[in-house]
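Trainee: Submitted below is the structure of interest, expressed as structure tokens.
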Amino acid sequence: MSGVVEGGEQEYDLMSGAAGAVPAFALGYRCTGDERMAEAAVTAALWLGRSARKSRTGWSWRSPGLRNQRDLTGLSHGAAGVAVAFLEAYRLTGEEMFATGARNAMRYEDRWLDAGEGNWPDFRENTADRRARTFVSLWCHGAPGIALSRLYAYELLGEARWRHDAMTALATTERVTRPLTNGGGADFSLCHGLPGNAEPFEEAREVLGPVGTGIPRLGADAVGMDIPRLVADHGMERYARTGVSWPCGTHSGETPNLMLGLAGIGYFYLRLAVPQVPSVLLPVRWDR
């Protein structure tokens, strides 16, 4: 297991906890055929199931390393990431209990879905107002990452509610992201920048098919399918061709790392140039 915080409490999330171990071990099994990897993935998923805080409205998990108002929603640190882990365990084993775990994690999030915002709240503590409800649209928290989880759920489970969630999240991601491609200063990291917001549209193309195959129109363009290209062109025109420093996720100048820096920006462009390159933001397609 990964992600033990100070004091010895285990983290549960996709980014730094046990949920992230499930797709990693599943990948190890698919690449090597080593049954111990499959067993480790199942063990981690079972542990997540035992560790859930369960109620009639769904399952959620603590975030020992973060200060928060409630158990978090979202892909990086919240219930959506654990849902992806359960979905990977279901894909690996065919065991219905893992599909049930995924449904319960997503049900917890949907309890808090705000129809007016088209988004799920970010329950990290707001130091200015601890009772304030905040909404962000980033890969790590909010609609873009949740869109990825719901698209994967729809692909594996075939249940219309997850497609509906995905379309809601894509619409919000488009609404927030499109204006940012016309100005300057927007973060360009995978974690909480424009490339991370572009990724759900690439996933939608994989799962839902090309424009013209029944995907509803969202805003000015069908499902924002032009968003990845708009983000890419914006980066080329404003940074690559001018020599201006790329705005990385550390907000303190350029950094070489993957989720917050230049390696991730390069990975974003590589994905667009070679679509067969798998996504690191939904780490489940490595064997395709």
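Conditions (1) in contact (Cβ under 8 Å) with a residue 12 or more places away in the chain; (2) open to solvent by 50 Å² or more (accessible area, probe 1.4 Å); (3) under 19 Å from Pro144 (Cα atoms), marked per residue:
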position: Pro228; (1), (2), (3): yes, no, yes
position: Val231; (1), (2), (3): yes, no, yes
position: Tyr239; (1), (2), (3): yes, no, no
position: Trp246; (1), (2), (3): yes, no, no
position: Gly249; (1), (2), (3): yes, no, yes
position: Gly253; (1), (2), (3): no, no, no
position: Gly264; (1), (2), (3): yes, no, yes
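Trainee: Okay, moving on. Would you be able to say whether some residue in the range 51-58 is at pLDDT below 95, touching a helix residue (DSSP H, G or I) at 6+ places or on another chain (Cβ under 9 Å) and open to solvent by 10 Å² or more (accessible area, probe 1.4 Å)?
Mentor: The answer is yes, given that some residue of the range 51-58 is at pLDDT below 95, touching a helix residue (DSSP H, G or I) at 6+ places or on another chain (Cβ under 9 Å) and open to solvent by 10 Å² or more (accessible area, probe 1.4 Å).
Trainee: Between a residue in the range 28-42 that is closer than 15 Å to Ala89 by Cβ and in contact (Cβ under 8 Å) with a residue 12 or more places away in the chain and any residue that is hydroxyl-bearing (Ser, Thr, Tyr) and surrounded by 11 or more Cβ atoms within 10 Å (Cβ to Cβ), which pairs come within a Cβ distance under 7 Å, given they are 6 or more apart or on different chains?
Mentor: So the pair list comes out as Met37/Tyr29; Ala38/Tyr29; Ala41/Tyr29; Val42/Thr93.
Trainee: OK, next. Being under 15 Å from His141 (Cα atoms) and of a type in the set (A, V, I, L, M, F, W, C) is the filter; apply it to the range 177-203 and report the residue that is surrounded by the most Cβ atoms within 10 Å (Cβ to Cβ).
Mentor: First, pick out the residues of the range 177-203 that are under 15 Å from His141 (Cα atoms): 177, 187, 189-200.
This time we only want the ones that are of a type in the set (A, V, I, L, M, F, W, C), so: 190-191, 194, 198.
On the way: Leu190: 28, Cys191: 23, Leu194: 24, Ala198: 26.
Among residues in the range 177-203 that are under 15 Å from His141 (Cα atoms) and of a type in the set (A, V, I, L, M, F, W, C), the one surrounded by the most Cβ atoms within 10 Å (Cβ to Cβ) is Leu190.
Trainee: Going by what's in this entry, would Met37 be described as among the aliphatic types (A, V, I, L, M), over 20 Å from the mean Cα position of the chain (by Cα) and modelled with pLDDT of 95 or more? So that I can check it myself, show each step before the final result.
Mentor: Numbers: among the aliphatic types (A, V, I, L, M): yes; over 20 Å from the mean Cα position of the chain (by Cα): yes; modelled with pLDDT of 95 or more: yes.
Criteria met by Met37.
Trainee: Could you list, in sequence order, the residues of the range 246-277 that are assigned to a loop (DSSP other than H, G, I, E, B) and within 18 Å of the chain's Cα centre (by Cα)? Reasoning before the result, please.
Mentor: Within the range 246-277, the first condition is being assigned to a loop (DSSP other than H, G, I, E, B), and the residues that meet it are 246-261, 274-277.
Gly249, Leu258, Met259, Leu260, Gly261, Val277, listed by residue number.
Yes/no matrix, rows are residues, columns are (1) touching a Ser or Thr at 6+ places or on another chain (Cβ under 8 Å); (2) within 15 Å of Arg70 (Cβ to Cβ); (3) touching a residue at least 24 places away in the same chain (Cβ under 8 Å); (4) part of a helix (DSSP H, G or I):
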| residue | (1), (2), (3), (4) |
| --- | --- |
| Thr127 | no, no, no, no |
| Ile146 | yes, no, yes, yes |
| Ser149 | no, no, yes, yes |
| Tyr152 | no, no, yes, yes |
| Leu156 | no, no, yes, yes |
| Trp162 | no, no, yes, yes |
| Asp165 | no, no, yes, yes |
| Thr168 | no, no, yes, yes |
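Trainee: Among the residues of the range 87-125, count how many are in contact (Cβ under 8 Å) with a residue 60 or more places away in the chain and either basic (Lys, Arg) or crowded, with 24+ Cβ neighbours inside 10 Å (or both). Can you show your working first?
Mentor: Taking the range 87-125 and keeping what is in contact (Cβ under 8 Å) with a residue 60 or more places away in the chain, we get 87-92.
Restricting the remaining residues to those that are either basic (Lys, Arg) or crowded, with 24+ Cβ neighbours inside 10 Å (or both) gives 87-89, 91.
Here the count works out to 4.
The values are calculated or read from the model by the stated rules, or taken from the named source; none is laboratory data. Given the structure is predicted, the values throughout are model-derived calculations rather than measurements. Note that each Cβ is placed from the backbone with ideal geometry, even for glycine, and that neighbours are counted across all protein chains shown. Note: accessible area is taken over every heavy atom of the protein model, side chains too, but ligands, DNA and RNA are not part of it. Shrake-Rupley method; radii C 1.70, N 1.55, O 1.52, S 1.80 Å.
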